[in-house]
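See structure below.
Each reported figure results from applying straightforward, stated rules to the coordinates on display, with no laboratory input. Note that this is a predicted model, so its numbers are computed, not measured. Here the Cβ positions follow ideal geometry from the backbone for every residue, glycine too, while neighbour counts run over all protein chains shown.
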Amino acid sequence: MKRKRNTIFDPMHAECFKLKQENGKEYIYDANRKKYVVLTAEEWVRQHALYHLMQVLKYPAAVISVEKQIKVGSRNRRYDIVVYKESVPWLIIECKSEKEGLNENVLSQLLSYNSALDVSYLTITNGTHIMTYDIAAQVWKNEFPVYR
C-alpha cells in the first residue's frame, strides 16, 4: 500500500508501527486490540488516529475502544473509535480513507452512532482533515478535544 505523508497526524512514519506480510496481505499491529489487522486505507488512518490520541495527546489507552458493535435502532453497527470518560462514552471518532471526503454521509453515519452512545464530541477524519463537533458549545474545531 502506498502511503502519503501529507496528513494531520505526526509522525506518519511506518517505523512507528509493526507491519507484516502474510498470505499476500499486509497487516498492521493494533496495540489497542492487541492483534494484527488487515491494513486497508481506512485502517491506516485509524491506527494513526489511535497513535496520535495515545502518544501525542496522552489519552489513556484504557479509555479507548476500537471497532466494537453497537445497536443503532434495529441494526448492528461497528464504530471506529470511542473514548470513554468516567466510564461514559465521551467521544466518537469515525475514520475514513484519505480518498474519502468528510461529507454529509459520513456525518450522518456518525450521528446515527451517537443516537446510541450520546457523547460530548463527534469527530470525523480521513487523515488529511479532522473535524470535531463540540455538542455542548455547538462549535466545530479542526482538532481532537483535550482529554483531562
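Once phi is turned into ³J(HN,Hα) by the Karplus curve 6.51 cos²θ - 1.76 cosθ + 1.60 with θ = phi - 60°, what whole-Hz value does each residue of segment 70-83 show in order, with x for glycine and proline?
9, 9, 10, x, 9, 10, 8, 10, 10, 7, 7, 9, 10, 10
Given H placed on each backbone N at 1.01 Å, which residues far from E94 in sequence or on other chains put an amide H within less than 5 Å of it?
Here T123, I124, T125 satisfy the definition.
Considering only DSSP beta bridges whose two residues both sit in the chain, what percent are antiparallel, to the nearest 5?
Expressed as a percentage, antiparallel bridges in the chain total about 85.
Tell me, what ³J(HN,Hα) does each residue in segment 21-38 have, in order and in whole Hz, if you take phi through Karplus 6.51 cos²θ - 1.76 cosθ + 1.60 with θ = phi - 60° and put x for Gly and Pro?
10, 7, 6, x, 10, 9, 10, 10, 7, 9, 5, 6, 8, 6, 7, 7, 10, 4
Using the Cα atoms of segment 64-125, I'd like the radius of gyration and the largest Cα-Cα distance, Dmax, both in angstrom.
11.2, 35
So what is the calculated 222 nm ellipticity per residue for the chain, using -39500 (n - 2.57) for each DSSP H run with n of 4 or more, over all residues, to the nearest 500 deg cm²/dmol?
-5500 deg cm²/dmol
For a label point 7 angstrom out from the Cα of R148 toward its Cβ, which stretches of segment 51-71 have the backbone nitrogen within less than 17 Å?
From segment 51-71, the list is 57-60.
If contacts are Cα pairs under 8 angstrom and at least 6 residues apart, what is the relative contact order of the chain in percent?
Answer for the chain is 18 percent.
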